[in-house]
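S.K.: Shown below is the structure under consideration.
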Amino acid sequence: MSKPATFRLPVSAVFVRAAALAAACWVVASPALAGDYRVDIRGNVGFNVIGGGLAGVPAGTPVLMRFELNSTSFLNSASFPTRGYAIELNTFSLTVGSLSIPIISPQPGNTPAYFVLRNNDPAVDGFFLSRGTDLPSPLSVNIPGLVPVHELNFSLAYSVGNVLSSLNIANAVGTYGLQNLGSFNWSLGRFGNAGAEFEPSSITISAVPEPATAALLALGGLAVWLQAARRRQG
């Protein structure tokens, strides 16, 4: 008995359909690119006495805080060499082990949340979170299993003034470790009292691919797939 005929689309037709699928996927995925720079702050639990979903989370548990920001949305301090970039709250995530701690969006009073760069302030560089640009101030988060709003604090200062070259986020792209670290405060708590403290290990600032760049990357992957398809049909 002869085998039934196998129907195969021409490679050109495969390309059209795959390109259309890639375009559709891009349209769906593109809103996630809310900012053009991403910040990844990694570390570990130093101590923790908070309940709810954090109850029993031991020291040494990995912590990751991640968010995106837009380089054109910033506010310069009128008093200090600092610049705050508005955090896109819909991109914010804080995970302690497997627990996700959501940020309150919008923040109370509808105030912006800033990721602030310090450059030679004075003779000190660093980063902090704030609702302003002059000094660190806590952002509001919800800890699963607990009703009260908690305060998220983050500040990291180096004891030298040559870590950053300017207040331009584009010039701050890179990974920063603990060398020349002077002080830090990365914690969760209430009323200024820390119930959990995290020890930072690195902070990475990276550029998020623009839509055109991401589309080119997708097309590059599609070209590789088409070459494989031609070999199979040949």
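The values are calculated or read from the model by the stated rules, or taken from the named source; none is laboratory data. Only a predicted model underlies this, so the values are computations on that prediction, with no experimental measurement involved. Glycine gets a Cβ as well: all are built from the backbone with ideal geometry, and neighbour counts include every protein chain shown.
S.K.: Does N110 satisfy being in the same structural domain as G195 (by TED's automatic domain parsing) and either acidic (D, E) or under 21 Å from Y158 (Cα atoms) (or both)?
M.R.: no
S.K.: Tell me, which residue of segment 103-134 that is assigned to a loop (DSSP other than H, G, I, E, B), among the β-branched types (V, I, T) and more than 14 Å from Y85 (Cβ to Cβ) is modelled with the highest pLDDT?
M.R.: Out of the qualifying residues, it is I104.
S.K.: Okay, moving on. Tell me which of these G109 doesn't satisfy, since it passes every other one: (1) in contact (Cβ under 8 Å) with a residue 12 or more places away in the chain; (2) among the small types (G, A, S); (3) at positive phi.
M.R.: (1)
S.K.: In segment 66-105, how many residues are of a type in the set (A, V, I, L, M) and over 19 Å from G53 (Cα atoms)?
M.R.: Our first condition is that a residue be of a type in the set (A, V, I, L, M); within segment 66-105, this holds for 69, 75, 78, 86-87, 89, 94, 96, 99, 101, 103-104.
Remaining after also requiring over 19 Å from G53 (Cα atoms): 69, 75, 78, 86-87, 89.
Within segment 66-105, residues that are of a type in the set (A, V, I, L, M) and over 19 Å from G53 (Cα atoms) number 6.
S.K.: Determine if segment 131-139 includes at least one residue that is of a type in the set (S, T, N, Q) and out of contact with any Lys or Arg (no Cβ under 7 Å at 6 or more places or on another chain).
M.R.: no
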